[in-house]
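J.: Structure in structure tokens, see below.
Any read-out appearing in this document is the output of simple, stated calculations on the displayed coordinates, not a laboratory observation. This structure is a prediction, so every number in the text was calculated from the model and none was measured. All Cβ positions, glycine included, derive from the backbone under ideal geometry; neighbour counts span all protein chains shown.
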Amino acid sequence: MDLSIFVAQVAAIIYLSVGIGMLLDKKYYAKFLDGFSKDTTAMYVGGFIALVAGFALVTFHNNWVKSWEVLVTIIGWLALIKGVMLLAFPTTFFNITKSWVNGKIITSYAFVAIVLGLVFGYFGFII
């Protein structure tokens, strides 16, 4: 299986699950995001995982092409940047995430996640 398709399938399942979850239970995700931003261990582990996943994608899938596969590369770079931010600048990242607890913003993130999930699902499972 091509790496682009595999990553698209995984991303589709994750984005759709999180997006639907955010729409159906905004209070839970608001509490989760608030708790995550206050838990230094969770932020460190999350940063470590994001850094490793991002680095792996950037290393094995750094394809800047004019096709949907560039989305996988962009996701890899965003994960790598997020991992670095969480590990190197945790206070700054904490200040940024404080605004994410708002219910209206969670709804916006939910729709973005669902759209990304549908896009990745289309390319990963259908095409």
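J.: Can you count the Lys pairs in segment 3-122 with C-alpha separation below 24 Å, eight or more apart or on different chains?
T.: Taking segment 3-122 as the scope, the lysine pair count is 15.
J.: Work out the FRET efficiency for ASP39 and SER17 from their Cβ-Cβ distance, taking R0 = 30 Å, and round it to the nearest 0.05.
T.: 0.90
J.: Where does helix 3-24 land angle-wise versus the long Cα axis of the chain, in degrees 0 to 90, nearest 10?
T.: Helix 3-24 and the main axis of the chain meet at about 30 degrees.
J.: Same structure, new question: Measure nothing fancy, just the Cα-based angle from helix 40-60's long axis to the longest principal axis of the chain, in degrees from 0 to 90, nearest 10.
T.: 10
J.: Give me D for segment 3-122 in µm² s⁻¹, whole number, from Stokes-Einstein with Rh from the Kirkwood sum over alpha-carbon pairs, 37 °C and 0.692 mPa s.
T.: D, rounded to a whole number, is 219 µm²/s.
J.: Please label the shape of segment 11-65 as rounded, prolate or oblate, based on the square roots a ≥ b ≥ c of the eigenvalues of the alpha-carbon gyration tensor (a/c under 1.5 means rounded; beyond that, a/b larger than b/c means prolate, else oblate).
T.: Since a/c reaches 1.5 but b/c is at least a/b, the shape of segment 11-65 is classed as oblate.
J.: Which length gain, in nm to one decimal place, applies between ALA56 and LYS98 when the Cα-Cα distance is subtracted from 0.36 nm times their residue separation?
T.: Length gained between ALA56 and LYS98: 12.3 nm.
J.: Still on this structure, please answer the following. Which of the trypsin sites (Lys or Arg not before Pro) across segment 54-127 are loop residues per DSSP, with 10 or fewer other Cβ within 10 Å?
T.: Answer in residue order: LYS66.
J.: Put +1 on the Cβ of each Lys and Arg and -1 on the Cβ of each Asp and Glu in the chain; which of VAL52, ALA79, GLY121 then has its Cα farthest toward the positive end of the dipole?
T.: Highest projection toward the positive end goes to ALA79.
J.: Taking K and R as +1 and D and E as -1, what net charge do the other residues with C-beta under 12 Å from the C-beta of ALA30 add up to?
T.: +3
J.: Find the relative contact order for the chain and round it to a whole percent, using C-alpha pairs within less than 8 Å whose residues are 6+ positions apart.
T.: 47
J.: GNM, the chain, Cα, under 10 Å: largest mean-square fluctuation among LEU24, LEU78, LEU87?
T.: Looking only at LEU24, LEU78, LEU87, the largest GNM fluctuation is found for LEU24.
J.: What does the charge add up to near GLY124, with Lys and Arg as +1, Asp and Glu as -1, over the other residues with Cβ less than 15 Å from its Cβ?
T.: Summing Lys and Arg as +1 and Asp and Glu as -1 gives -2.
J.: Then there's this: Do the sum for the chain: with -39,500 (n - 2.57) for every DSSP H run of n ≥ 4, divided by all residues, what is the mean residue ellipticity at 222 nm, to the nearest 500 deg cm²/dmol?
T.: Taking each H run of at least 4 residues, the total per residue is -27000 deg cm²/dmol.
J.: Using label points projected 7 Å from each Cα along Cα→Cβ, tell me how many nm separate VAL10 and PHE32, to one decimal.
T.: Between VAL10 and PHE32, the simple spin-label model gives 1.8 nm.
J.: Compute the long axis of helix 103-121 from its Cα atoms, compare it with the longest principal axis of the Cα atoms of the chain, and write down the angle in degrees, 0 to 90, nearest 10.
T.: Approximately 20 degrees, to the nearest 10.
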